[in-house]
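Notes follow the structure.
The values are calculated or read from the model by the stated rules, or taken from the named source; none is laboratory data. None of the values given here were measured: they were computed from a predicted structure. When we count neighbours, we look across all protein chains shown, and the Cβ atoms used for this are built from the backbone with ideal geometry, even at glycine. Please note that ligands, DNA and RNA were not included when accessible areas were found on the heavy atoms of the full protein model with its side chains. Shrake-Rupley method; radii C 1.70, N 1.55, O 1.52, S 1.80 Å.
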Amino acid sequence: MIKINEIFYSIQGETTYAGLPTVFVRTTGCNLRCAYCDTQYSYYEGSFRDNSEILTEIKKYSTNFVCITGGEPLLQKSVLILMSLLCDLNYKVSLETSGSRIVDQVDPRVKIILDVKTPDSGAKDSFLLENLNSANTLTELKFVICSENDFNWSENFCRQHDLFEKYTVLYSPSYGNISERWLAEKILIKNSPARLQLQLHKIIWGPHERGV
Ligand code: SF4
């Protein structure tokens, strides 16, 4: 059983899967409290569902893409089984995690998005560096940038760990803190190899809606 906050169908707003119709499975609970968190409703609300109930819900939609998100999905071990089941059924599965929990048991067919927390997130140092050992060619590293200090910190982190050479690195502007243009220009001026990521769903629906 997994405590699920919500299952919904929308456009993937982030990662290299951005723009694709996707079923989102949001688990309940998070061990962090990021300053910019827009899913505080997922901290406690939800109900326990078994894998067959979850699969039935997912199959209602015609897409092949499923995103497991939270909260922090890896707080619940049963999520690992669900992801492997979905991979067996030929779904393209992505997992959004802060990387504050070990990812080495995640099925290697899953695209892991490691959301490395910056200083201004308020959760700096939550990322487990050993998770980089479990990264593969599918893995993407995401940094939500709130300030110039965050930008510089992220650049240093990526270069220190050779992330630009090995993985897709995504820089996303923290909604309401810095503008897309500010971050785009910063990437260009500083010759950063990072890929600018805009939260498409917020551009389309605004900060509080998430799709159909
Ligand atoms: S990790 Fe995600 S869900 Fe948890 S507090 Fe941070 S932004 Fe919110």
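Below are the figures for this structure:
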| quantity | calculated |
| --- | --- |
| Among residues of the stretch 13-31, those that are within 13 Å of the ligand (Cβ to nearest atom), in a loop (DSSP other than H, G, I, E, B) and open to solvent by less than 20 Å² (accessible area, probe 1.4 Å), counted | 3 |
| Filter result for the condition that a residue is among the β-branched types (Val, Ile, Thr) and either open to solvent by 20 Å² or more (accessible area, probe 1.4 Å) or more than 14 Å from the ligand (Cβ to nearest atom) (or both), over Thr168, Thr118 | Thr168 |
| Unique residue being hydroxyl-bearing (Ser, Thr, Tyr), open to solvent by 60 Å² or more (accessible area, probe 1.4 Å), more than 10 Å from the ligand (Cβ to nearest atom) and more than 23 Å from Ser78 (Cβ to Cβ) when the list is Ser10, Ser62, Ser52 | Ser62 |
| Cβ-Cβ under 6 Å pairs, at least 6 apart or on other chains, the stretch 130-148 side under 25 Å from Cys37 (Cα atoms), far side open to solvent by 60 Å² or more (accessible area, probe 1.4 Å) and assigned to a loop (DSSP other than H, G, I, E, B) | Cys146/Asn177 |
| Hits in the stretch 138-165 (condition: in a loop (DSSP other than H, G, I, E, B) and open to solvent by less than 30 Å² (accessible area, probe 1.4 Å)) | Thr139, Cys146, Ser147 |
| Any hit, the stretch 32-46, residues being crowded, with 21+ Cβ neighbours inside 10 Å and either modelled with pLDDT under 95 or within 10 Å of the ligand (Cβ to nearest atom) (or both) | yes |
| Residues satisfying the stated conditions in the stretch 65-77, i.e. crowded, with 16+ Cβ neighbours inside 10 Å and either out of contact with any helix residue (DSSP H, G or I) (no Cβ under 7 Å at 6 or more places or on another chain) or not aliphatic (A, V, I, L, M) (or both) | Phe65, Cys67, Thr69, Gly70, Gly71, Glu72, Pro73, Leu74, Leu75, Gln76 |
| Residue match in the stretch 137-144 (condition: in contact with a helix residue (DSSP H, G or I) (Cβ under 6 Å, 6 or more places away or on another chain) and under 24 Å from Trp182 (Cα atoms)) | yes |
| Qualifying positions in the stretch 53-73 - polar (S, T, N, Q), in contact with a strand residue (DSSP E or B) (Cβ under 7 Å, 6 or more places away or on another chain) and farther than 13 Å from Leu114 by Cα | Thr63, Asn64 |
